[in-house]
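Let me begin by presenting the structure, written as structure tokens, before commenting on it.
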Amino acid sequence: MFDTQSKNLTVPRGKAYFAKYLTGTQTPGPLREFGNCPEFTLQRNAETLPHYSSQADLKALDEEIAIDATLNGTMSTDDMRPENVSYWWMGDVGTITAVAATDQAETFLLVKAGDVFQLGRTTANPSGARKLSNVACDDGAVGTPATFVLGTDYDVDLDLGLLFILADQPKLVANYDIGVSTRSQIAAGIKQVEGEMKFFSINPFGAQSDITIPRCRLIPNGDMALVSDPTSPTWQTIGLQISALKKGTLALAYKDGRPV
């Protein structure tokens, strides 16, 4: 007998791409690869309307039709580029540009050993200053303030703008300069991203196919681990939920075989 089963097996692998809609439109921009995706699963569910005969005997199901169908899915990626991470944070990737600033001063009262302060924190810049230089701390006395000793009274992380208190002080004034720098920043929000999703199979075994979802919505799904056990480390991943939405007269999705 002809062996049909072994001819139709598949070991799934492939690459996922997403083309975010251009602002204010449903026109896809350029496709961007998600990178390595350890998981990419689609889920198809249908709601049905059953019909039961009541003409004779016991209740019997004699018809059932589909009245609603959804196409959803989940995916994860370990490619932690800012664009991918922004989908999980539901915010846009921005750029923070710091201009040079000199003679900055902040005063802290009743500091205790073990306290840590973020320098340069403002309402406009809640994550604080970066790339500090010329940091010096004193007791803020009028006239000739007493200078505190780096490594004895305080320590500082210049790149992160963190001030570490090493000795109790009733008052501490931190003086510093800020250097020119830029950094990416994602502000968490509630933005749902829509665009076109494509998946191209690269199966090591089995037939190849391509999937297109013309209108796909991405929202965060699950945890993003910030620390892993050093005895059994794992790669950081983010999870996203996929929802296929109706776009005009198009189908929710298309599955294409490879041309021959």
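Hey, does region 69-91 have a residue that's farther than 30 Å from LEU166 by Cα, in the same structural domain as PRO220 (by TED's automatic domain parsing) and free of Cβ contacts under 8 Å to residues at least 24 places away in the same chain? Within region 69-91, not a single residue is farther than 30 Å from LEU166 by Cα, in the same structural domain as PRO220 (by TED's automatic domain parsing) and free of Cβ contacts under 8 Å to residues at least 24 places away in the same chain.
Within region 65-101, the set of residues being in contact with a strand residue (DSSP E or B) (Cβ under 6 Å, 6 or more places away or on another chain), surrounded by 11 or more Cβ atoms within 10 Å (Cβ to Cβ) and farther than 24 Å from ARG13 by Cβ comprises ALA69, THR70, PRO82, SER86, TRP89, GLY91, VAL93, GLY94, ILE96, ALA98, ALA101. Would you pick out the residues in region 201-260 that are under 17 Å from LEU42 (Cα atoms) and hydroxyl-bearing (Ser, Thr, Tyr)? Result: SER201, SER209, THR212, SER243, TYR254. State all residues of region 223-240 that are touching a residue at least 40 places away in the same chain (Cβ under 8 Å) and loosely packed, with under 13 Cβ neighbours inside 10 Å; if no residue qualifies, say none. Hit for region 223-240 is TRP235, nothing else. A Cβ distance below 6 Å, combined with a sequence gap of six or more or placement on separate chains, defines the contacts here; from region 49-61, residues that are without any contact (Cβ under 8 Å) to a residue 12 or more places away in the chain reach residues that are hydrophobic (A, V, I, L, M, F, W, C) in the pairs TYR52/LEU61; SER53/ALA60. Residues in region 246-260 that are within 17 Å of ASN72 (Cβ to Cβ), part of a strand (DSSP E or B) and of a type outside the set (D, E, K, R): TYR254 alone.
Each residue in region 84-107 was checked for being acidic (Asp, Glu), modelled with pLDDT of 95 or more and within 24 Å of the chain's Cα centre (by Cα), and 0 of them qualify. The test for being among the aliphatic types (A, V, I, L, M), modelled with pLDDT of 95 or more and on the phi < 0 side of the Ramachandran plot holds for ALA113. If you go through region 23-59 and keep only what is surrounded by 12 or more Cβ atoms within 10 Å (Cβ to Cβ) and among the hydrophobic types (A, V, I, L, M, F, W, C), you end up with LEU31, PHE34, CYS37, PHE40, LEU42. Identification of strands (runs of 3 or more DSSP E) wholly contained in region 139-212 with 3 or more residues that are within 29 Å of the chain's Cα centre (by Cα) yields 181-186, 193-201.
Has region 103-113 got at least one residue that is out of contact with any Phe, Trp or Tyr (no Cβ under 8 Å at 6 or more places or on another chain) and among the charged types (D, E, K, R)? Yes, the conditions are met somewhere in region 103-113. Among ALA113, ALA136, ALA105, ALA129, which is the only one that is touching a Leu at 6+ places or on another chain (Cβ under 9 Å), assigned to a strand (DSSP E or B) and outside the structural domain of ILE219 (by TED's automatic domain parsing)? Checking each option against the conditions leaves just ALA136.
The values are calculated or read from the model by the stated rules, or taken from the named source; none is laboratory data. Keep in mind that what you see is a predicted model, and the values were worked out from it rather than measured. Cβ: placed from backbone, ideal geometry, glycine included. Neighbour counts: every protein chain shown.
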